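One structure below.
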Ligand SMILES: Nc1ncnc2c1ncn2[C@@H]1O[C@H](COP(=O)(O)OP(=O)(O)OP(=O)(O)O)[C@@H](O)[C@H]1O
Ligand SMILES: [Mg+2]
């Protein structure tokens, strides 16, 4: 099918908080995974749109019914609106790289990376969402896409620490199976929730939202010892007040270390004994949350009970998943695609 017609290959990283796309025409974009519908006729008149996607939806959240349809890595079951929202996100990403429904050419082949555990549940939703826009589809697990893009296909372990989930994938030189993968729901979102709770314990009257807390975490997040106190400002009874959130930040960020370390200590001994050491020394961290200061080192230290290992971080946590998807698309044979048209 790809013989005569021009083909556009696309890699999409469908994330809980951010979704990215890389295409074979050189286009690369990232958006916030939010969709908003104006709440009433006033909002619609102010916004002059029927639907808002990405940053625009978040910025106008007071005027829209705001959805983040992939919370915890799954399209929320049974919600038609969330399924529609996923469709809007995917089609928006495709539009950004020049693909639209009324296209005549080229043929579009898309690899979509999603959290490992969501694979079974969400495949049909994704297929329906892309019907009519994409000609050939392949759905892969997010960490596998990252591994493929980095050419870390043999005896390595990718840990993708995103917003909704932390996904593990052991690479053994072939397509990963269910046994090679794990998903935890501790990641950026669970840190944000805990951080919000801890700050409110210390400052019960502080007027803070999860959006504010997330920004503080992205700027000051750390595990281990603090380089300097974390001080922020937020209103208390309307008056801007300095808050010291150092301890809350440390506790919230460190909350993901133990579950991730435990999963590592469970996964690694299951690998064939002669390859264990090599895998332990090729652990790759990706995803936005992997940028927390000190996290890489803390996870590396957690390998001590197994004799130690090496954990490194990817260079580009925003586009590694999408780039990996694109690399898969470029290499896949016609027979390896799910044909939608
Ligand atoms: N510099 C930073 N330090 C700490 N956390 C960060 C930083 N930058 C982004 N994050 C966090 O990373 C998360 C987003 O990462 P990413 O884009 O990999 O997730 P996602 O792909 O949307 O989610 P998932 O993979 O779970 O579906 C958010 O929780 C965000 O707050
Ligand atoms: Mg992700």
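What follows is calculated from the coordinates using simple rules that are stated; it is not laboratory data. The structure presented is a predicted model; accordingly, all values stated were derived computationally and were not measured. Cβ: placed from backbone, ideal geometry, glycine included. Neighbour counts: every protein chain shown.
If the viscosity is 0.692 mPa s and the temperature 37 °C, what Stokes-Einstein diffusion coefficient in µm²/s follows for the chain when Rh is the Kirkwood radius over Cα pairs? Each step should come with its number before you reach the end.
Numbers: Rh = 21.1 Å.
So the translational diffusion coefficient is about 155 µm²/s.
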Exercise. Mind ordering 122-129, 270-277 by average Cβ neighbours within 10 Å, highest first?
Worked result: 122-129, 270-277
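Residue 202 to residue 178: FRET efficiency via 1/(1 + (r/R0)^6), r the Cβ-Cβ distance, R0 35 Å, to the nearest 0.05? Spell out each step's value before the answer.
Values: r = 42 Å, r/R0 = 1.21.
E between residue 202 and residue 178, to the nearest 0.05, is 0.25.
Peptides 184-190, 304-310: what's the order by average Cβ count within 10 Å, highest mean first? The partial results should precede the final answer.
Working: 184-190: 22.0, 304-310: 12.6.
Top to bottom by mean Cβ count within 10 Å: 184-190, 304-310.
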Problem set entry | By average C-beta atoms within 10 angstrom, highest first, the peptides 150-161, 219-230 | 150-161, 219-230
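With each run of n ≥ 4 DSSP H residues scored as -39500 (n - 2.57), what mean residue ellipticity at 222 nm is computed for the chain after dividing by its residue count and rounding to the nearest 500 deg cm²/dmol?
On the way: 12 runs with 122 residues, N = 341.
After summing the helix terms and dividing by the residues of the chain, the value is -10500 deg cm²/dmol.
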Exercise. Cα-based Rg of region 188-254 per 2.2 N^0.38 Å, rounded to two decimals?
Worked result: 1.00
Seminar exercise, completed: So, for the Cα atoms of region 189-333, Rg and Dmax in Å stand at 18.8, 62
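Out of all DSSP beta bridges with both ends in the chain, state the antiparallel percent to the nearest 5.
Numbers: 35 of 57 bridges.
Approximately 60 percent, going by the DSSP bridge assignments.
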Problem set entry | Computed over region 294-341, Kirkwood Rh from alpha-carbon pairs, angstrom | 14.0 Å
